[in-house]
Amino acid sequence: MIDQQAPLAFTPGDPAGVGPDLCVQLAQQERDYPLVAVCSAEMLYARAERLTLPLSINHFDPSAPVSRMAGSLTVFPMDLHAPAEPGRLNKSNAAYVLETLTQATQYCMDGQFSALVTGPIHKGIINDAGFSFSGHTEFLAELTTSYPVMMLTCPGLRVALATTHLPLKDVSAAITQTSLGQVINILHRDLVARFGIPNPHILVCGLNPHAGEGGHLGMEEIDTIIPTLNRLRDRGMQLVGPLPADTLFTPSHLEQADAVLAMYHDQGLPVLKHLGFGNAVNITLGLPIIRTSVDHGTALDLAGTGKANPGSLYTAIEAANQLVLATHRP
């Protein structure tokens, strides 16, 4: 019987990192969801042999069922551009990494995959290969012609970002009333539509220490953040802030919150990763497809050792599957 649900797609990321290990580990378990790995089959065989784990690979056929049996995996095969050695980055495979993402995204757009789960990539080696690349989020947004909002979640906390992968010196200029309003609208919309929260309660960080302290520590709150929040409150959104980030992440504030909006990457994510590392998941809002990702990097020192913790991958897959089910629920 052919699966009624289109399969989830998983791109293991850089072939030198732990992504292939996680893929082989995932294949060892029986799965209650259909999943297709978009990557090199030869790479997975080599990694399975190195890890001394059994692996049987079926090539993806849209008209056939996807294997869910322990020890087997369905793969949409993509060719490496150079041999892959665990722990050793090779810029010759940068194009391969981007090709797996492009193919998986296109199949999600076409409806042949129901969601995209991404493994860890190394941004530096992709840029060293001559590609302008700041991260999965921005790359997928360009492929889908959309405006992305990055949100990480773990049990008890959701943190979205007003800006993503920017140098700190560029953050202030990137936050405008227009961009901030767009981010909050997307965050609010997807909390309603994808997470089933009818009237989300969102806490908003200030940009500066003490949320600017009335303009004495910066004017971004007065000139940009407060006017934007007031305009959106007038439309019925529950927005609290701007609040100082050093006191926002405390139980008294968080207990009534559905999400926190941080102004930049390292303002909000260290708190979330401290709370839930290994069980956190990165969800890209604002895309026409469902995309989740692991909360860690390539971990080159663990690649090929069998010591990589697959917890974040399992969480990312479960989150993607739940979002698919929620999207198609009557």
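Suppose we keep just the alpha-carbon trace of region 91-139; what are its Rg and Dmax in angstrom?
Cα only, region 91-139: 11.4, 33 Å (Rg, Dmax).
Considering only T118, T145, T74, give the residue with the highest GNM mean-square fluctuation for the chain, with springs between Cα atoms whenever their separation is below 10 Å.
T145
Which percent, nearest 5, of DSSP beta bridges in the chain are antiparallel?
Percent antiparallel among DSSP bridges in the chain is about 30.
Enumerate the lysines that K91 could reach by cross-link, defined here as Cα to Cα under 26 Å, with residues fewer than 8 away along the same chain left out.
Cross-link targets: K123, K307.
Tell me, what is the percent relative contact order of region 149-279, built from C-alpha pairs under 8 Å that lie six or more residues apart?
37
Over the residues of region 53-205, compute the C-alpha Rg and express it relative to 2.2 N^0.38 Å.
This ratio for region 53-205 stands at 1.26.
Expressed as an acute angle from 0 to 90° and rounded to the nearest 10, what is the orientation of the C-alpha long axis of helix 41-51 relative to the principal long axis of the chain?
So the inclination is approximately 90 degrees.
Taking the Cα centre of the chain as origin, work out the dipole magnitude from +1 charges on Lys and Arg Cβ and -1 charges on Asp and Glu Cβ, in debye rounded to 20.
340
Take every Cα pair under 8 Å in region 239-330 that's 6+ residues apart, average their separations, divide by the length, and report that relative contact order as a whole percent.
22
Per DSSP helix of 4 or more residues, -39500 (n - 2.57); summed, then divided by the residues of the chain. What does that give at 222 nm, rounded to the nearest 500?
After summing the helix terms and dividing by the residues of the chain, the value is -10500 deg cm²/dmol.
Restricted to Cα positions, what overall size does region 149-279 have along the principal axes? Three whole-Å values, descending.
Reported extents, whole Å, longest axis first: 37, 33, 28.
Answer with one residue from G124, M151, P167: the one whose Cα lies farthest towards the positive end of the charge dipole of the chain, charges on Cβ with Lys, Arg +1 and Asp, Glu -1.
Comparing the listed Cα positions along the dipole, M151 ranks first.
So how far, in whole Å, is the C-alpha centre of region 12-49 from the one of region 218-243?
Taking the Cα centre of each part, region 12-49 and region 218-243 sit 44 Å apart.
For the chain, set up a Gaussian network in which alpha carbons nearer than 10 Å are linked by springs, and say which option among Q267, Q256, Q28 fluctuates the most.
Per the Cα network of the chain with a 10 Å cutoff, Q256 tops the list.
Let's see if you can work this out: charge +1 on each Lys and Arg Cβ, -1 on each Asp and Glu Cβ, no other charges. What is the dipole magnitude of region 149-279 about its Cα centre, in debye to the nearest 20?
For this selection, approximately 400 debye.
Using a 1.4 Å probe over the heavy atoms of the protein chains, calculate the carbon and sulfur portion of the accessible area of region 48-176 as a whole percent.
With neighbouring chains kept in place, the figure for region 48-176 is 51 percent.
Hey, what's the chain come to in accessible area per residue, 1.4 Å probe, Å²?
On a per-residue basis, the chain sits at 43 Å².
Would you mind checking the tilt of helix 94-110 against the longest principal axis of the Cα atoms of the chain, expressed as 0 to 90 degrees and rounded to 10?
For helix 94-110, the angle is close to 80 degrees.
If packing is taken as the mean number of other Cβ atoms within 10 Å per residue, what is the order of 305-314, 129-138, highest first?
Output ranking for 305-314, 129-138: 305-314, 129-138.
According to the square roots a ≥ b ≥ c of the eigenvalues of the Cα gyration tensor, what is the shape class of region 6-135, taking rounded for a/c under 1.5, prolate for a/b larger than b/c otherwise, and oblate for the remainder?
Oblate is the answer for region 6-135, as a/c is 1.5 or above yet b/c matches or exceeds a/b.
I want the local charge near S146. Using Cβ-Cβ distances under 15 Å, sum +1 for each Lys or Arg and -1 for each Asp or Glu among the other residues.
So the surrounding residues net to 0.
[x] 39, 30, 20; [y] 36, 21, 17; [z] 32, 25, 16: which one is semi-axes √(5λ) of the Cα gyration tensor in Å as calculated from this entry?
Label [y] holds the value from this structure.
Given springs between every Cα pair under 10 Å in a Gaussian network model of the chain, which of M151, M69, M263 has the largest fluctuation?
M69
Against the longest alpha carbon principal axis of the chain, how many degrees, from 0 to 90 and to the nearest 10, is the axis of helix 265-276 turned?
It is inclined by approximately 60 degrees.
The values are calculated or read from the model by the stated rules, or taken from the named source; none is laboratory data. Here the structure is a predicted model, which is why all the values come from computation and not from measurement. No Cβ is skipped: glycine too gets one built from the backbone with ideal geometry, and neighbour counts run over all protein chains shown. Keep in mind that these areas ignore ligands, DNA and RNA; they rest on the heavy atoms of the full protein, side chains included. Shrake-Rupley method; radii C 1.70, N 1.55, O 1.52, S 1.80 Å.
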